[in-house]
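Visitor: Below is one structure. I have some questions about it.
Quick note: the coordinates plus some simple rules give every number you see, no bench work behind them. Predicted, not measured: the structure shown is a model, and the values here were computed from it. Here the Cβ positions follow ideal geometry from the backbone for every residue, glycine too, while neighbour counts run over all protein chains shown.
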There are 2 protein chains.
Amino acid sequence: MSMPAAQQPSPQLFFQTINAHQRTEALKAALELEVFTAIGEGNTTAAEIAKRCQTSEKGMRVLCDFLTIMEMLTKQGGRYALTLDSATFLDKRSPAYLGGATEFLCSPMLTDGAKHMAEAVRKGGTALENDGTVGPDHPVWVKFARAMAPMMALPSQLVAKLVDPNADRKLKILDIAAGHGLYGISFATNNSQAEITAVDWKAVLEVAKENAQKAGVADRYSTIEGSAFDVEFGTGYDLILLTNFLHHFDPTTCETLLRKVRAALADGGRAVTLEFVPNDDRVTPPDAAAFSVMMLTSTPSGDAYTFAELERMFANAGFSRSTFHPLPPTIQQVIISEK
Amino acid sequence: MSMPAAQQPSPQLFFQTINAHQRTEALKAALELEVFTAIGEGNTTAAEIAKRCQTSEKGMRVLCDFLTIMEMLTKQGGRYALTLDSATFLDKRSPAYLGGATEFLCSPMLTDGAKHMAEAVRKGGTALENDGTVGPDHPVWVKFARAMAPMMALPSQLVAKLVDPNADRKLKILDIAAGHGLYGISFATNNSQAEITAVDWKAVLEVAKENAQKAGVADRYSTIEGSAFDVEFGTGYDLILLTNFLHHFDPTTCETLLRKVRAALADGGRAVTLEFVPNDDRVTPPDAAAFSVMMLTSTPSGDAYTFAELERMFANAGFSRSTFHPLPPTIQQVIISEK
């Protein structure tokens, strides 16, 4: 024991990491039991929260202590309180409630992929059959469209304001793999002269159309059913949105699509890509970099691409220039590529 | 966007936590593929490590980047290196290799318990049938005895030195729920006059006896087969070891056992308890406090007890005085209770 304390090896990180699955389960349980909502309503002791959520007091104490250790709650004198993040995203009464996103993020498609990680590392792609999540018309994307919309509300508004800050001219916009449709819809609500065409599987577009209706932009919203790789886009678009799409494919496949995207743009048109973009070191920022794990385990050849890699794909597809834009406070980034 | 950046809500922690199960899977995959061992052997690029571990280069790059994000590796100029912790605990060639502990920590008994967390919170104890891990003669404890021994090597030596620093007198020691037997065995290797009697299920004691043989102390090692609650301990023990045992039971059950323990001690004898002991706030230190989640989800009424709670149990059982001893660099603590 002559080494200084800081240089003593500790099994702490091993223990935390091997048990990290408990964190996922605890968050899922807390959302299912409405713990954050109960605290937001003013229940602050384990006994009060347990009564509101119809659980044992002991179980609720253990769960709330663990949520505190995970920094999703605070605890002072036996009373729990929401953090700013929890109040914003985990209390059901908040308009930015993200609890529904667990339907997608914890769907067997994604968690089963992660469970076969060693095999995915061996193969260099998902160990799941039928190409994981990128198989044709995969039902997970309807789940995605319904579950992830709340998580996309803020980012979609930030992207629209970044790309169309003045919102003062007519825009013809193609939203590729629109999903819930929120990115296109946010351009339409941001600019009353924006007209959106959304591309996705038929069942997914039903969700997007519902959302366009709710947002009051259905009269400027049309759809093209099918795979972005197969359908006719038409031409003359001022903007083409590629949000959370390229990461599912290898660079060659991306370039094929980007050539088609470029051909559909009007002169002076721009492709707008939203992605998890790690730095060149591929380990920072941590959330963007770690996204590569989800792609490795759930797609045959997807990845979290660096800006240099994306820039090269766009250049190879004939785009003249790409620029990089962080999108705080989200954990994603925007690439704007000029035809 | 007029709020200062530090006060903007971010979905980062939600996203990290809902995906935390990937951390468990990545560590399991890295151990299965011998990634840490490969790096310890001198393979430092993704291509070199992939070749050694017979995986795709891309998959290995994604895995090693994720291990770097998790601070289990470092990365500089595309070359990965082990941290002090990884070199000590995760390289198979290290005597302190902990990889085998995943056999127990990731056994379905523990992970299935965690998967039913909401139900465990409702009940206040495991949602698994047959009382989870504390059912009679449960086979998980043979797995535990084999898998966890390496993780216990350092703590068991530290406990022996803490309790018997001079190692200069005859000691009669009872090791309750001995498991792998390492705690008792470390007292025997630390002090050549120590004689150990180990209590556990018959199949588990086979593992303990093997370990006593390997440590060269088999001639001072005897066993009592059965439940610690049922068997006759005998009397006149100088030390009775309760390592990682009390957390499986409710306080009343613990007190019943502690009365029996006290009766088996010689005058001046001591009970030595090793536990995950949270502070009174129950949220620090994080690893000891978080252990309550494993007990909630895998036992009917276990918990991570505070020192105040343990002190009360020992006092109620007739012990005169209990003292608290941290055991750095482990994440556990020792309570020494005097008859």
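Visitor: Figure the gain on full extension for B:ASN316 and B:ASP230 (residue separation times 0.36 nm, minus the Cα-Cα span) and round it to one decimal in nm.
Guide: Additional length available on full extension: 28.9 nm.
Visitor: Once the label point is set 7 Å along the Cα-to-beta-carbon vector, what list of distances in nm do you get between B:VAL231 and its counterparts in the other copies?
Guide: The answer, with the shortest distance listed first, is 7.0 nm.
Visitor: Checking the cross-link filter: which lysines have an alpha carbon closer than 25 Å to that of A:LYS161, excluding same-chain neighbours under 8 positions apart?
Guide: Within reach: A:LYS170, A:LYS172, A:LYS209, A:LYS214, A:LYS339.
Visitor: For helix B:307-316, report the angle its Cα long axis makes with the longest principal axis of the Cα atoms of chain B; keep it between 0 and 90° and round to the nearest 10°.
Guide: Long axis of B:307-316 versus the principal axis of chain B: about 20 degrees.
Visitor: For the stretch A:289-316 and the stretch B:300-339, what is the centre-to-centre distance using only Cα atoms, to the nearest Å?
Guide: 51 Å
Visitor: Something else: Once label points are set 7 Å from the Cα along Cα→Cβ at both A:ALA96 and B:ALA153, what is their separation, rounded to one decimal in nm?
Guide: Between A:ALA96 and B:ALA153, the simple spin-label model gives 4.9 nm.
Visitor: Mind running the shape call on the stretch B:55-185? Use the C-alpha gyration tensor, a ≥ b ≥ c as the square roots of the eigenvalues: rounded below 1.5 for a/c, prolate if a/b tops b/c, oblate otherwise.
Guide: oblate
Visitor: For A:ALA203, which inter-copy label distances result when the label point lies 7 Å beyond Cα on the Cα-to-Cβ vector, reported in nm to one decimal and in ascending order?
Guide: Ordered by increasing distance: 4.4 nm.
Visitor: Continuing with this model, one more query. With n ≥ 4 as the cut-off for DSSP H runs, can you work out [θ] at 222 nm for the protein assembly as shown, using -39500 (n - 2.57) per run divided by the number of residues, rounded to the nearest 500?
Guide: Using -39500 (n - 2.57) per qualifying helix, the result is -13500 deg cm²/dmol.
Visitor: Also: I need the shape label for the stretch B:271-339. Rule: rounded when a/c is under 1.5, else prolate if a/b > b/c, else oblate, with a, b, c from the alpha carbon gyration tensor.
Guide: Because a/c hits 1.5 or more and a/b fails to exceed b/c, the stretch B:271-339 counts as oblate.
Visitor: Only sites in a loop by DSSP and with at most 13 other Cβ atoms within 10 Å count here; which GluC sites (Glu not before Pro) in the stretch B:212-284 make the cut?
Guide: B:GLU232
Visitor: Same structure, new question: Where in the stretch B:12-95 are there GluC sites (Glu not before Pro) that are in a DSSP coil and have at most 14 other Cβ atoms within 10 angstrom of their Cβ?
Guide: Passing sites in the stretch B:12-95 are B:GLU71.
Visitor: Using the beta-carbon distance between B:GLN76 and A:SER222 and R0 = 45 Å, what value does 1/(1 + (r/R0)^6) give for FRET efficiency, to the nearest 0.05?
Guide: 0.30
Visitor: Something else about it: Helix A:21-33 sits at what angle to the longest principal axis of chain A, using alpha carbons and giving 0 to 90 degrees rounded to 10?
Guide: 90 degrees
Visitor: Spelling out what I want: for every residue of the stretch A:38-53, take phi, set θ = phi - 60°, compute 6.51 cos²θ - 1.76 cosθ + 1.60 (Karplus), and round to whole Hz; glycine and proline get x.
Guide: Per residue, the Karplus-derived 3J(HN,Hα) values read 4, 5, x, 6, x, 7, 10, 8, 4, 5, 5, 5, 4, 5, 4, 9 Hz.
Visitor: If you don't mind, there's one more thing I want to ask. Students often get this wrong: which residues of the stretch A:31-52 have the backbone nitrogen under 17 Å from the point 7 angstrom along Cα-to-C-beta of B:ALA308?
Guide: Of the residues in the stretch A:31-52, A:45-47 have backbone N under 17 Å from the label point off B:ALA308.
Visitor: Pick from A:ALA29, A:ALA101, A:ALA114: which residue has the top mean-square fluctuation in a GNM of chain A where Cα pairs under 10 Å get a spring?
Guide: Its mean-square fluctuation being the largest, the pick is A:ALA29.
Visitor: If I fit a long axis through the Cα atoms of helix B:57-69 and take the longest principal axis of the Cα atoms of chain B, what angle between them do I get, 0 to 90°, rounded to 10?
Guide: Roughly 60 degrees, rounded to the nearest 10.
Visitor: What nm distance separates the two modelled labels at A:PHE324 and A:ASN279, each placed 7 Å from Cα along Cα→Cβ?
Guide: 0.9 nm
Visitor: I need the phi-derived Karplus couplings for the stretch A:258-269: 6.51 cos²θ - 1.76 cosθ + 1.60, θ = phi - 60°, integer Hz, Gly and Pro marked x.
Guide: Residue by residue, the stretch A:258-269 yields 5, 4, 5, 5, 4, 5, 8, 7, 5, 4, x, x Hz.
Visitor: At B:GLU103, label 7 Å along Cα→Cβ: distances to the other copies, nm, ascending?
Guide: Computed spacing set for this position: 4.3 nm.
Visitor: Separate question: Among the chymotrypsin sites (Phe, Trp or Tyr not before Pro) within the stretch A:163-252, which fall in a DSSP loop and have no more than 16 other Cβ atoms within 10 Å of their own Cβ?
Guide: Qualifying residues, ordered by number: A:PHE229.
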